[in-house]
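*Asks:* First the structure, then my questions, so here it is.
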Amino acid sequence: WWRELGNLHQQPQSWDRLKEAMCDRFIPVSYKRDLRKKLQRLEQGDMYVQAYFAKLQNGMIRCGIEEDPEDKVCHFYGGLRCEIQDIVDYKDFNTTNQLFQLAMLAEKEL
C-alpha cells in the first residue's frame, strides 16, 4: 500500500494526512457506527463503577462525542446497576463527577 502510494506520488506530506490515508485504507466504514452502538448499549453490569466510568469516557472520546453536562449525567446514571441507582436517587448531584463519587460510595455500601 505504501509503495503503491509512492509510485503514484501520493504519499502523505503531514502526520494528519497520513492518519487520514491510513483510516481510509484500513478502517471499515461501519467502524464509527459500531463504536456508537456499543457506547449506547454500555451498562455497568459486573464492572466496578470506576471501570464503567472509564469505559464510558473512553468511548465518548473515541466516538468524538461532546455531550451537554446534563446529558453526561443522564448517560452515566442510566448505565449504572439498579442497586446503585436506587441509593444515588436519594442524594443531590449536579455533575458527572459528583455522581461518580456518590456511585463509588454506594458501591462500597453494597
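Computed from the coordinates by the stated procedures, all read-outs in this text should not be read as laboratory data. The structure presented is a predicted model; accordingly, all values stated were derived computationally and were not measured. Note: ideal-geometry Cβ built from the backbone for every residue, glycine included; neighbour counts use all protein chains shown.
*Asks:* Helix-only mean residue ellipticity at 222 nm, the chain, DSSP H runs n ≥ 4 weighted -39,500 (n - 2.57), per residue, nearest 500. What is it?
*Replies:* The per-residue figure over the chain is -20500 deg cm²/dmol.
*Asks:* Taking the convex hull of the alpha carbon atoms in the stretch 42-106, what volume per residue do you get, in Å³?
*Replies:* 72 Å³
*Asks:* Hey, another quick one. Order the peptides 11-24, 49-62 from the highest to the lowest mean number of other Cβ atoms within 10 Å of their residues.
*Replies:* 49-62, 11-24
*Asks:* May I ask you to list the residues of the stretch 59-84 whose amide nitrogen lies under 20 Å from a point 7 Å from Cα along the Cα→beta-carbon direction of GLN101?
*Replies:* 69-78, 80, 84
*Asks:* Could you tell me the convex hull volume per residue, in Å³, taken over the Cα atoms of the stretch 8-63?
*Replies:* Cα convex hull per residue, to the nearest whole number: 86 Å³.
*Asks:* What relative contact order, as a whole-number percentage, does the chain give when Cα pairs under 8 Å and 6 or more residues apart are counted?
*Replies:* 23 percent
*Asks:* Here's a follow-up. Under Stokes-Einstein, with the Kirkwood radius over Cα pairs standing in for Rh, what whole-number D in µm²/s applies to the chain at 25 °C and 0.890 mPa s?
*Replies:* Roughly 149 µm²/s, to the nearest whole number.
*Asks:* Of the cross-linked pairs LYS37/LYS91; LYS38/LYS72; LYS72/LYS108, which ones have a Cα-Cα span greater than 19 Å in the structure shown?
*Replies:* Table pairs above 19 Å Cα-Cα are LYS37/LYS91; LYS72/LYS108.
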